[in-house]
Structure formats: C-alpha cells, structure tokens
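First the structure, in the form of structure tokens, and then the observations on it.
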C-alpha cells in the first residue's frame with residue numbers, strides 16, 4: 001500500500017530514461033541486421049496494419065512555410081540524443097511489442113500504445129537468432145515500470161477525472177437516475193494515436209452526457225492481453241467527467257495457455273497475486289480508472305483448463321479492497337468489471353440454482369458484472385440473484401449490465417427501443433406486455449460498429465461514385481460527419497431530439513434485412529446528388545418517415561435514443577456526487593463542493609484545420625491541416641439536439657418534454673433545421689456547432705444553410721447543476737450565408753448573431769410550462785473577427801438560486817428577424833465559457849520553456865522525408881498551458897506547423913534535414929487564459945551517432 005500511495009502524489013509527466021539494461025553481451029548477437037532489413041513504414045496503411053489510414057507531408061499544404069518575425073520566436077538550448085537508422089532494441093526498451101509494432105517502431109521511432117503480455121517478448125521477436133538467447137523472455141509485465149520504457153510517458157493521460165452531477169432538470173420524463181449506461185468503444189485511431197494522427201476521421205463519440213463509464217476496446221490483433229486505456233482518449237473522456245477502463249483480455253479460443261500467463265499468476269511472499277498491484281499501479285501511473293476483464297480464458301474447456309475462475313475472483317477481491325483503501329486519496333473508486341462468455345445471472349426456478357455459477361461467483365467480487373449479449377428483448381428480473389447473493393439489496397441492480405451487440409442491429413441506430421433491455425415490463429391481466437415499469441438493470445452497447453459502419457459504408461460509396469475527384473482528406477472528413485450524425489442518433493433518436501412520447505421498434509434487425517446504405521442515402525439531412533436512392537431503398541417500415549394523413553409527417557415512425565432512458569450528467573456543477581451513486585442506493589449521497597469553471601470550443605479532437613487566434617481575435621493559422629488528436633478534444637455540448645422554434649410553422653411539429661411543449665423541426669426534403677458539427681467554420685481548434693439543414697456532400701461536407709421564420713428560436717446547449725449564481729457565462733456566435741471561416745457576405749445576416757441572447761432554465765418546477773420558454777437574460781455583445789460575436793451574461797440576474805432552485809440549462813435565443821426569414825443562413829456556436837465573477841483576469845504570462853531535448857531520432861536512408869524524432873521540453877509554466885503547438889524548420893526562416901499536444905513531449909515524422917544535417921523544433925504554448933506565447937525553438941543535430 002505504501003508503494004501505491006507514493007504513486008498518487010507522483011507527477012504524471014516524467015522524463016524518459018534510456019538504460020542499457022538490454023544490451024547484448026553474447027558474441028555478435030544483435031537485433032540490428034533484422035531491424036535494418038525492414039522497409040520504410042507506410043503511414044497511409046489502415047488501422048489493422050498500424051497506420052493512420054491517410055498521410056500527408058509537412059509541406060503538402062503550405063509549400064514555402066511561414067515567415068516569422070524575430071519578435072515571434074525565441075531560441076532556447078537543446079539537449080542532443082541518439083540518432084540512428086533504426087530504433088535500437090539492443091540498447092533501448094519500450095516494453096512489450098507485437099510483431100507489427102516492432103516493424104513500425106523500428107523504422108519510425110514512433111511511440112505506441114501500452115499493451116502487455118504477462119511473460120513479455122522473446123528475443124526472437126526482435127530478430128535475435130542466438131540459440132542461447134532467442135527463446136529467452138524479456139520485458140515481463142512484472143517489470144513494466146522499471147524505468148527503461150521510453151514509451152511510458154507518452155501513454156500517460158494529462159487530465160484528471162472531472163467530477164460530475166446530474167443536470168438539475170431532466171430533458172424527458174422517462175429519464176432515470178437508478179441505473180447506468182456504459183459504452184464499449186474502439187476509437188478508429190492508430191496505435192500511435194497518443195501523439196495524434198494526420199487522418200481527420202478519428203471516430204470519436206460526440207455525445208457524452210449519458211455515459212457512465214467508457215470501456216476502451218482495442219482490436220486485439222497484434223496487442224497484448226492487458227491494454228491500458230489509450231491516453232489520448234482518456235484525456236477526452238476525463239474532461240467530460242467519464243471514467244475510462246483498460247482491458248484485460250483473455251481468450252481460450254486464441255493462443256492463451258497457462259504457461260503464457262505464468263507471470264500474471266505469480267504470488268508474493270504473503271500469498272497475494274502480484275498482478276493486483278500491477279493493475280492498480282497502471283491505473284495510477286497511466287491515469288485511468290479501472291479495468292474490464294474479458295474472462296474467456298478457458299474457451300470451451302472446463303474451469304481451470306487455463307485459469308481457475310476462483311483465481312480471477314481472488315484477484316478482483318484484492319483489487320477492490322485496495323481500491324476502497326485508495327478512494328479517499330484519489331477522490332474516486334477504481335472499478336473492475338467482469339465479463340465472461342455465456343454470462344448470466346438467471347436462476348433455475350425449480351431448484352433455485354444459477355444457470356451460470358461462474359457468473360454469479362464473479363459478481364460477488366466484481367464492481368460491476370457485464371452479462372453476455374442479448375439476442376432478444378428478454379432480460380431477467382434478477383430477483384432470485386438479488387435474494388440469494390445480496391439479501392434482496394435492490395441497489396445492486398445498478399451493477400448488472402445487459403449488453404446489446406451493435407453489429408446485430410446496425411440499422412437500428414436511433415430506432416431500436418433500448419427500454420427493452422433496461423426497464424421491467426408491465427403486464428396486463430393476461431400476462432401480455434403493455435408498457436415499461438421501473439429500471440431493472442444497467443445497460444451497455446458493444447462494438448462502436450453502429451455509427452462507424454454507416455461512415456465506412458458512405459466512404460466506400462463516395463469514393464466509387466465520385467471517381468476520386470475530391471481531395472482525399474475531405475473524404476475522411478465527410479466520413480467523420482456521417483459518424484457524428486449516427487452517433488448522435490444513437491443517443492437522441494433518429495428524429496434528432498428527445499421527447500416524452502418517443503417510441504422505438506422491438507426486434508433486432510440486421511444489415512441483411514435492411515442495408516445501411518438504404519438508410520443514410522434516404523436521409524435528407526445528408527445531400528449528395530449521386531446517391532442511388534432507386535437502388536438503395538428503405539425496405540422495412542421501421543425506418544420510414546411518417547405521413548401527413550397519419551399526423552406524423554416529418555418524423556421517423558420509430559425514434560428512440562439512449563438519452564430517453566438515462567438522465568444527463570454535467571461537469572458544469574458547483575456540487576458533485578460519486579460517479580457510481582444511484583437513487584437505488586440505501587443512503588443518499590453527500591454533494592461535494594466543486595469548481596465548475598471551464599472553457600470549451602466543442603472540439604471533437606479532429607478536423608481539416610486547426611484555428612487559433614491572437615488576443616485581437618485574428619486567425620493565426622488557417623491553412624489546410626488534416627488532424628486527429630483526442631488530447632485536444634473539449635467538453636462536449638450536453639444538448640446538440642435541444643433546439644426549437646417559439647412558434648409553430650409548416651416546418652415544425654409539436655413535442656412534449658420536461659421543459660414543456662416545443663416546436664421542433666420536421667425532417668423535410670431539404671433536411672432538418674437542428675444542430676450539427678461544422679468543420680469548415682471554427683472559432684478555435686477544428687470545429688464549431690451549427691444550426692443548419694445537414695451536410696452537403698456535393699460541397700464536400702459543408703453545412704447546408706437552413707430556412708428560418710421571423711420568430712425567436714431557442715437552443716439549450718449546456719446542462720448545468722449550479723446552486724450559486726455568481727458566475728458569468730459567454731458564448732461565441734456567428735450567422736453566415738456560407739459555411740467558411742469568413743464573415744457573411746450579407747451584413748444583415750451577420751448581424752443576426754449580434755442580436756442573440758443567453759438563456760437559462762432552472763430546476764424550479766414552475767419553469768415547466770406549456771410553451772417551454774427559457775428565461776432570457778440581459779446580454780452584452782462584443783464584436784470579434786470573421787463575423788463572430790462574444791455574448792456574455794451575469795448569472796446573478798437569476799433570483800433565489802439555491803440548493804432547492806438550481807440553474808439547470810444554459811443556452812441561447814436566436815432572433816432571425818426579417819432578414820433571417822427571407823434568406824437561408826447557418827448559425828454557429830464556436831465556444832462556451834463559465835467563470836466566477838470574483839476571478840481576476842491577468843493575461844500576462846512570460847514563456848517558461850528553457851530547453852528542448854532530443855529523446856531519439858530515427859533517420860532512414862531514403863533521400864527525402866527521412867527524419868523522425870521524439871523529443872521533450874522543460875516548461876516552468878506547464879500548469880498554465882492549455883496546449884502546445886509544434887513547429888519545424890530547416891533554416892530558422894521558413895516554419896511549418898507539424899502538431900499539437902497537451903503534454904511536454906511529442907513525436908513528429910517524415911521531416912527533411914538541412915544540408916548540414918540539422919533540424920529546428922519550435923514549441924508554442926497556448927495558455928488557458930487565451931494568450932499565445934512565442935515559438936521557442938532549438939536546433940537538433942541529425943548526424944548519426946550510434
């Protein structure tokens with residue numbers, strides 16, 4: 001325990017250590033010849049081959065670089081490091097590596113994600129042929145933190161887990177706080193995503209307020225069996241208050257044997273499994289929140305064929321005991337979730353015996369129990385399990401997770417009624433289902449295949465239909481937009497909003513019954529003249545639009561999202577609760593005071609540009625710049641979808657919500673006036689939010705301008721739970737007739753944004769009214785560059801805010817006026833900020849970067865783009881930095897932006913060197929207070945020195 005506690009206070013950013021602990025000393029045995037024989041790595045390869053799926057060179061979009069004034073740059077000292085043709089595994093270690101990882105890192109030096117096999121590698125994995133050594137194991141998981149791993153620091157998440165609370169008012173009346181929703185997600189990023197990729201398709205989720213925990217589920221091929229949560233994705237989730245679990249994967253259907261688990265099952269002198277401390281230590285060191293155990297170790301064989309179930313249970317028991325001891329210091333509980341094949345908590349009603357004793361036994365020790373896939377709408381009532389194991393404790397329902405496999409129901413994204421797997425069924429006198437009762441259990445979705453399957457199908461179709469005439473990076477951007485759209489439907493339904501009367505269909509429907517192409521190509525929110533709607537049709541009525549004659553025109557017949565069943569959570573809360581608290585718990589939890597201040601630009605962590613602005617609001621970088629880096633993603637909007645008109649018109653339909661009745665936009669032939677992510681017009685970083693008609697793929701994924709009526713529109717954007725009103729909030733807003741970074745060509749349209757007001761809804765029951773009108777606040781307006789306006793309101797205007805009357809939702813009132821009703825336009829929201837009224841603004845920060853250190857250069861023998869470097873820097877002001885931009889030059893005259901990160905270390909690839917064999921690396925801090933520092937640069941010598 002003393003060892004573990006020392007890790008809590010240790011800084012998460014440490015310097016890599018290069019030790020010759022693996023130096024060869026037997027004859028001339030070496031890995032060099034083997035590694036030097038590898039071809040140069042192709043970064044454009046797909047994810048299964050550890051590439052990014054798309055690649056570009058530093059000068060592809062800006063040929064001659066940027067010319068900088070002397071006042072913009074500052075030279076600092078450099079520390080030289082190794083320069084070699086390969087990453088030399090004879091001298092340096094990055095711990096366990098699969099075969100593909102070895103080929104990639106040996107030729108590029110790139111950091112890769114952390115994944116371990118308990119016994120480690122054999123020397124033969126690195127090409128050693130010495131008979132006396134090639135079968136010897138190295139880098140055992142028992143030695144994972146011995147100081148030799150040069151990749152370790154790149155795998156540390158930078159952000160701690162933010163506290164959350166439930167939004168102070170629900171969106172719809174079916175939402176509940178008794179059970180939870182967890183998500184299995186395999187981000188479509190490469191093995192070096194921890195330093196970003198050059199592919200704007202990142203596959204990130206964009207609606208996060210409904211998620212209780214996130215399981216990172218990496219493709220298992222070429223990885224170890226114990227995989228830490230990806231640090232970049234952990235940062236994104238932590239900013240949004242979502243715990244992230246690593247994966248301990250054991251499959252007896254693959255190459256798992258008891259011998260291969262030898263080090264995992266080793267015990268210390270007290271009889272405890274050593275792996276328990278390792279699992280805890282990795283949570284602390286890498287800064288994530290627990291583990292998901294996929295226990296299929298014995299495959300189809302009996303208990304103990306590879307590992308005993310009792311051994312797994314003992315490991316979980318010890319883990320939980322340690323996690324409880326650490327909770328006061330960590331301010332969170334590390335969880336361990338158990339899954340096994342055929343996992344069930346059902347009981348035989350005749351003999352009161354469990355149908356899966358293995359699952360029931362594991363449930364006694366796991367924090368949560370993840371059941372096996374549901375293949376129908378039947379879930380147990382779990383009464384026998386709760387009675388036999390927990391003496392009827394109903395709070396344990398929150399720890400039981402039913403499981404939907406997306407791949408069996410991909411057409412059902414946003415249409416399938418998830419209540420079937422969450423709530424108890426109400427029955428009539430004859431035993432027939434007539435509705436839903438109280439929450440029965442928690443719920444998970446596995447696969448991430450839903451939204452990304454639509455996106456992949458679209459990309460393949462577009463590439464064929466467009467005859468490759470579009471810039472490739474724009475195709476990946478459009479793929480991301482499709483993923484965003486269907487990920488949104490998954491959470492708020494295919495109608496793009498939540499309503500009290502939402503209803504979905506009940507039968508799982510596969511792609512063999514209804515093609516996804518038929519669904520997205522007939523979705524008016526996606527426009528493309530080359531869609532083959534005559535060939536790709538909606539063949540099942542469950543996915544059809546309603547009809548005027550039936551009174552449901554402009555709505556999908558079936559629309560149901562995860563958000564209909566689970567209450568939103570928010571990090572904008574001045575009091576927070578434990579993440580695992582449920583209203584089923586016997587004791588009411590105590591709320592803990594919290595600082596809710598934050599700034600977000602709604603970045604999804606990807607884009608085709610990366611915008612930042614100087615103190616005057618002018619754009620500093622506007623060149624094409626395809627990227628993904630989840631470390632740069634922001635706090636997401638609570639409500640992408642909660643947009644409505646104050647008055648009914650021909651293009652609206654009335655729905656009922658917890659706020660009252662709302663006139664939401666119909667789905668018409670032109671699209672649907674609602675919220676989207678816009679990657680062509682960003683206030684900062686890579687995207688903004690936008691109200692428009694959808695995406696126009698004839699115009700490479702720009703947002704379609706929409707038709708508006710001359711009456712106020714409302715948009716709840718951020719859910720909150722604020723017991724105090726001493727805050728000032730602001731939004732950055734813009735109205736434009738064309739989707740670009742420029743101001744609108746129509747001055748009257750531009751000024752629509754100028755008339756925008758900030759709104760609020762409180763938890764006071766009297767705010768629920770028939771016409772759902774939020775409180776409109778006094779709003780000050782400041783004009784910015786490129787058509788943007790900063791609108792601000794002091795929340796002290798809201799009276800009698802207290803524990804009993806909380807601020808629940810913050811948003812905007814849009815006033816199109818006559819101009820807006822006569823002209824189509826897009827309305828963008830580029831950022832949000834909440835700050836305490838007492839906070840003083842002092843924007844003066846002097847850069848504190850003192851040196852840049854080359855950790856390792858891999859310089860290939862090719863003529864061009866042959867230099868790859870990992871490096872770090874010292875910055876005394878690191879706590880004040882939001883993120884760093886990274887620049888590169890060969891002559892200190894022409895500079896290229898080549899990356900961005902939240903860490904004080906980075907990796908860049910495929911650079912050129914000067915004739916004198918030098919490169920220059922520049923680091924520019926972007927501070928949390930809004931200022932941008934100088935480009936602090938140092939020269940790195942790239943002559944071989946191995």
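Miscellaneous remarks
- Taking every DSSP bridge with both residues inside the range 86-231, close to 45 percent are antiparallel.
- Structure-based [θ]222 nm, the chain - -39500 (n - 2.57) summed over DSSP H runs of at least 4, per residue, nearest 500: -4000 deg cm²/dmol
- Extension reserve of the residue 818-residue 407 stretch, reckoned as 0.36 nm per residue once the Cα distance is removed: 143.2 nm
- For residue 327 and residue 544, the difference between the fully extended length at 0.36 nm per residue and the C-alpha to C-alpha distance is 73.2 nm.
- For peptides 156-165, 225-234, sequence by mean Cβ density within 10 Å, most packed first: 225-234, 156-165
- Shape analysis of the chain places it in the oblate category; the axes a ≥ b ≥ c from the Cα gyration tensor give an a/c of at least 1.5, with a/b not above b/c.
- Cβ-Cβ FRET estimate between residue 124 and residue 265, R0 fixed at 22 Å, reported to 0.05: 0.40
- Rounded to the nearest 0.05, the FRET efficiency derived from the C-beta distance between residue 846 and residue 944 at R0 = 41 Å is 0.65.
- Placing R0 at 35 angstrom, the Cβ-Cβ distance between residue 471 and residue 375 gives a FRET efficiency of 0.20 after rounding to 0.05.
- If the convex hull is drawn through the Cα atoms of the range 160-564, its volume per residue in Å³: 174
- Gap separating the Cα centres of the range 587-609 and the range 488-551, nearest whole Å: 32
- Between the range 657-707 and the range 872-946, the C-alpha centres lie 37 angstrom from each other.
- Of the beta bridges in the range 160-564, as assigned by DSSP with both residues counted there, near 25 percent are antiparallel.
- The antiparallel fraction among DSSP beta bridges confined to the chain stands at about 70%.
- Using distinct alpha-carbon pairs, which all enter the 1/r mean, Kirkwood radius of the range 236-379 in Å: 16.4
- Segments 81-91, 198-208 sorted - mean Cβ within 10 Å per residue, highest first: 198-208, 81-91
- The simple spin-label model puts a point 7 Å past each Cα toward its Cβ; for residue 44 and residue 746 those points are separated by 4.1 nm.
- Length added when fully stretched, residue 308-residue 879, from 0.36 nm per residue minus Cα-Cα: 200.9 nm
- Pair residue 837, residue 59: separation of 7 Å Cα→Cβ label points (nm): 5.7
- Taking 628, 702 and counting other C-beta atoms within 10 Å, the order from fewest to most: 702, 628
- Modelled this way, with points 7 Å down the Cα-to-C-beta line, the labels at residue 433 and residue 776 are 4.5 nm from one another.
No value in this document is a laboratory result; all are computed from the given coordinates. No experiment lies behind these values; they were computed from the predicted model shown. Positions of Cβ are generated from backbone atoms using ideal geometry, with glycine treated the same way; all protein chains shown enter the neighbour counts.
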